[in-house]
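Quick note: the coordinates plus some simple rules give every number you see, no bench work behind them. Here the structure is a predicted model, which is why all the values come from computation and not from measurement. Methodologically, a virtual Cβ is constructed for each residue, glycine included, from the backbone with ideal geometry; neighbour enumeration extends over all protein chains shown.
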Amino acid sequence: MEIVLVSLFNGLVYGMLLFMLASGLTLIFSMMGVLNFAHASIYMIGAYLAFTVSRFVGFFPALIIAPLLCALIGAAIEVWGLRRVHHNGHIAELLFTFGLVFIVQRSVQMIWGMLPMAYRVPPSLDFSLFTIYGANFPAYRGFMLLVSVGMLVATWLLLKKTRIGLVIQAALTHPQMASALGHNVPRVFTIVFAGGCLLAGLAGVIGGNYQTTEPGMAESMGPIVFVVVVFGGLGSLAGCFVASILMGLIMTFAVVINTSMLDLLRPLGITVTGDNLFTEILTVPVARIGALLPFAMMIIILSFRPRGLMGTRDT
Amino acid sequence: MTASRFWQISIWILVLALAIAAPWAFYNYHTGRQSGFVISMLSQMGMMSILALSYNMLLGQAGLFSLCHATFFGIGGYATIHFLNMASAGSLPLPMELIPLLSGLSGLGLAIVLGYIATKQRATAFAMITLGIGELMVTSALMFQHFFGGEGGVNTNRMIGRSLFGLTYAQGIQVYYLILAWTLLSALAMFFLTMTPLGRMANASRDNFERVQFVGYDPRMVRFFQFALSGLFAGIGGGLYAITYEIVTFDALAAPLSANALLMAYIGGSASFGGPILGAVLITLLQSGVSLMSNSWLVYVGVLFISMVIFAPSGIMGLVTAHGPIVRGGQLGRLAVPYIRVLVPGILMVAGFVGLVELTSFLTIGAAQGKSLVLFGNKIDVHATLPWLSAAVCLLGGGFWLRLEARSFRRVWEGLMQGLKPQRSVA
């Protein structure tokens with residue numbers, strides 16, 4: 001029971017972190033049709049910038065400054081990069097963001113070095129919020145949940161209650177029509193791209209000290225975020241939310257389950273002996289294939305339901 | 001037409017002759033053999049050419065952006081290790097020269113299974129499925145000890161004592177010629193594939209897949225066959241990798257190699273058949289040359305790649321072939337002066353950029369490795385202002401100058417093209 005509760009909380013925290021990254025990506029993806037490979041790189045930049053900024057002005061100003069810097073970087077990428085390759089088609093845009101990943105990866109190593117940064121949870125949030133079955137629940141995780149829920153509400157209000165949100169929604173589903181009605185769709189693209197990068201940067205700020213701020217963090221986060229976006233479905237923030245939480249829970253729960261396929265077969269009276277590839281597949285515990293699950297799920301959903309969980313149109 | 005075909009064939013023969021002669025250009029008379037570094041670099045070029053060419057069967061010819069191409073390269077490699085071990089044990093009576101064929105068949109087998117799933121979709125969904133497949137395969141390779149050997153990989157001894165020509169393959173040079181032969185065979189096979197109905201339909205479904213359906217073809221089957229066959233050739237490449245290094249770890253099927261295949265095919269030129277070979281040679285040179293000198297070669301490759309995506313989507317080969325009409329019109333000489341005028345600020349800009357990148361890199365990574373930046377025999381203090389300032393001035397000044405010159409270059413280029421148009425229509 002205690003494992004279930006602790007994993008539930010951790011999964012929720014991880015899922016909300018994923019959602020912060022994935023919501024920006026899903027907005028960009030649904031609108032421009034570009035799966036931004038560099039999205040996780042922006043997340044990494046956010047974490048590194050937050051580290052540097054917080055050394056001068058403290059954590060809480062950095063919480064605002066670093067995401068804004070990320071938004072600026074995002075706007076620059078859209079205006080000077082993506083817009084230029086747009087007329088060459090989606091593959092060219094995909095390739096462009098793919099190239100960015102290398103540059104960001106190496107630039108971060110060049111600027112901040114190869115070693116992990118000492119980016120820590122601020123002392124004012126470094127205490128235990130409550131204990132469940134003797135396990136501490138750090139206040140910082142509560143803060144992460146708070147920030148991500150706040151961001152969720154803010155994004156929802158922006159999209160549903162403001163005029164620019166209305167235009168974004170229109171451009172999300174019917175870009176040509178929105179353009180025909182006289183809206184400056186390229187500018188909306190820039191705003192959405194910058195906004196997506198802002199969210200990624202924010203995720204970096206609060207995720208950087210939850211996980212570790214090191215040059216490999218984009219590489220480890222990137223594929224999972226893609227899975228979430230594709231799984232949740234194109235053009236659907238709700239699907240993205242469900243998929244993020246689901247992935248967060250699956251990945252935290254898979255780590256603690258120690259059964260294998262053989263354990264399920266045992267009640268049927270099936271046992272295997274010997275040491276070959278077949279027995280190896282049967283005896284691998286779920287904890288070890290946890291990393292495989294998201295990708296397997298993505299492949300299955302893409303081949304049978306290309307629009308994802310709640311998507312409005314095919315990927 | 002026949003004249004241009006003649007030139008094409010002679011260029012191919014020239015490249016082949018160069019590849020055959022290259023190891024002897026670095027023959028060391030003191031030790032009585034070729035330079036080991038050169039041999040391994042040339043071998044690497046050979047297998048990377050196969051990888052890039054087979055990747056281009058998807059990217060360039062079928063318009064499919066795959067992110068798991070290294071999977072088939074890797075599986076070919078792993079399978080070959082096991083084949084070689086079986087051959088040494090005597091349970092596989094096959095000469096060394098034919099082992100890569102088996103590697104290719106293992107690549108084909110896996111590509112048939114995975115391609116059945118992946119080719120259900122196209123465009124972005126296809127890219128995402130292949131991303132998932134690639135990650136799945138890497139995780140499996142680390143998990144299942146029996147076939148993949150976990151993190152340590154699997155190894156073998158390539159001297160199986162069975163050869164069609166009585167060779168032992170103890171020396172790198174013999175392996176190099178084996179690689180060259182298989183590269184030539186695979187390249188020829190892939191070239192002839194582009195002329196078959198399958199190759200033509202792959203092009204058609206890249207350009208307009210709806211029209212392909214109207215004509216009565218199933219674009220999915222076209223994708224599937226193209227995917228499976230590219231897996232075959234990637235497997236051959238992986239087999240040669242296993243034979244060369246005698247060890248295969250999960251690096252051989254991991255994402256960086258897939259990305260490398262993409263970079264080679266795209267930078268070389270995915271629109272032409274020979275482009276990926278050029279890209280493979282170039283990237284391998286960069287990898288083994290520049291990475292020795294600089295920590296930040298990935299930045300250069302990334303910037304080169306992005307510049308290609310923005311300014312030259314048809315790759316280096318595309319840039320070269322764009323000169324075709326001008327060469328045929330005998331007007332190439334008139335481009336010499338504009339080229340020099342573009343080249344000077346271009347070099348200035350590149351020098352400034354490289355300077356900034358290297359200064360930054362020596363500030364952190366270089367300092368951690370205890371190295372210092374040396375230029376023309378002078379040690380450069382990376383904390384001084386002067387080098388940073390001069391590099392920035394080079395970059396910005398060169399950039400602005402280049403923009404001006406590029407404008408006048410474009411005018412000359414378009415003028416030449418305009419002048420050639422009537423001639424071409426007469427001919």
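Once both labels are positioned 7 Å from their Cα atoms along Cα-to-Cβ, the gap between A:THR52 and B:LEU94 label points is 5.4 nm.
Neighbours of B:LEU64, meaning other residues whose beta-carbon lies under 10 angstrom from its beta-carbon, give a summed charge of +3 when Lys and Arg score +1 and Asp and Glu score -1.
Expressed as a fraction of 2.2 N^0.38 Å, the value expected for a compact globular protein of N residues, the C-alpha radius of gyration of chain B is 1.09. Taking the average, over residues, of other Cβ atoms within 10 Å as the packing measure, peptides A:177-183, B:72-78 rank B:72-78, A:177-183 from highest down.
Dividing the mean sequence gap of close Cα pairs (under 8 Å, 6+ apart) by how many residues chain B holds gives a relative contact order of 22 percent.
Taken one residue at a time, the phi angles of region A:190-200 give Karplus couplings (6.51, -1.76, 1.60, θ = phi - 60°) of 4, 4, 5, 5, 5, x, x, 5, 4, 5, 4 Hz. Gly and Pro are set to x.
With contacts taken as Cα pairs under 8 Å and at least 6 residues apart, chain A reaches a relative contact order of 32 percent.
Each part reduced to its alpha carbon centroid, region B:3-54 and region B:89-149 end up 28 Å apart. Computed 3J(HN,Hα) for region B:70-83, one whole-Hz value per residue from the Karplus formula 6.51 cos²θ - 1.76 cosθ + 1.60 where θ = phi - 60°, is 5, 3, 6, 4, x, 5, x, x, 4, 4, 5, 4, 5, 4, glycine and proline marked x.
Sorted largest first, the principal axis extents computed over the alpha-carbon atoms of region A:127-217 equal 60, 32, 15 Å.
Percent of Cα pairs in chain A per distance bin of 10 Å, from zero to the largest separation: 6, 24, 32, 23, 11, 4, 1, 0. Note on B:SER288 and B:PHE26: the extension gain reaches 92.7 nm, defined as 0.36 nm multiplied by sequence separation minus the Cα-Cα distance. Cα centroids of region A:91-125 and region B:290-362: 26 Å apart.
Here's how it looks for A:LEU234: its modeled amide H is under 5 Å from those of A:GLY311, A:THR312, A:ARG313, which are all 5 or more places away or on a different chain. Divided by 2.2 N^0.38 Å, where N counts the residues, the Cα radius of gyration of the protein assembly as shown comes to 1.01. The 3J(HN,Hα) values that the Karplus relation (6.51, -1.76, 1.60; θ = phi - 60°) gives for region A:2-16 are, in residue order, 5, 4, 4, 5, 4, 5, 4, 5, 4, x, 5, 4, 5, x, 5 Hz. Gly and Pro appear as x. Electrostatic tally near A:LEU49: other residues with Cβ closer than 15 Å to its Cβ, Lys and Arg +1, Asp and Glu -1, net 0.
Could you check how many percent of all C-alpha pairs in region B:234-295 are farther apart than 16 Å?
56 percent
Measuring r between the beta carbons of A:ALA139 and A:MET114 and using R0 = 45 Å, the FRET efficiency lands at 0.90. Share of pairwise Cα-Cα distances greater than 16 Å in region A:170-234 is 63 percent (whole percent). Oblate is the label for region B:1-145, because a/c, from the alpha-carbon gyration tensor with a ≥ b ≥ c as root eigenvalues, is 1.5 or above and a/b does not exceed b/c. Projected onto their three principal axes, the Cα atoms of region B:132-261 cover extents of 55, 39, 23 Å, largest first. The chymotrypsin sites (Phe, Trp or Tyr not before Pro) found in region B:132-185 that occupy coil by DSSP, while having at most 10 further C-beta atoms within 10 Å, are B:PHE165.
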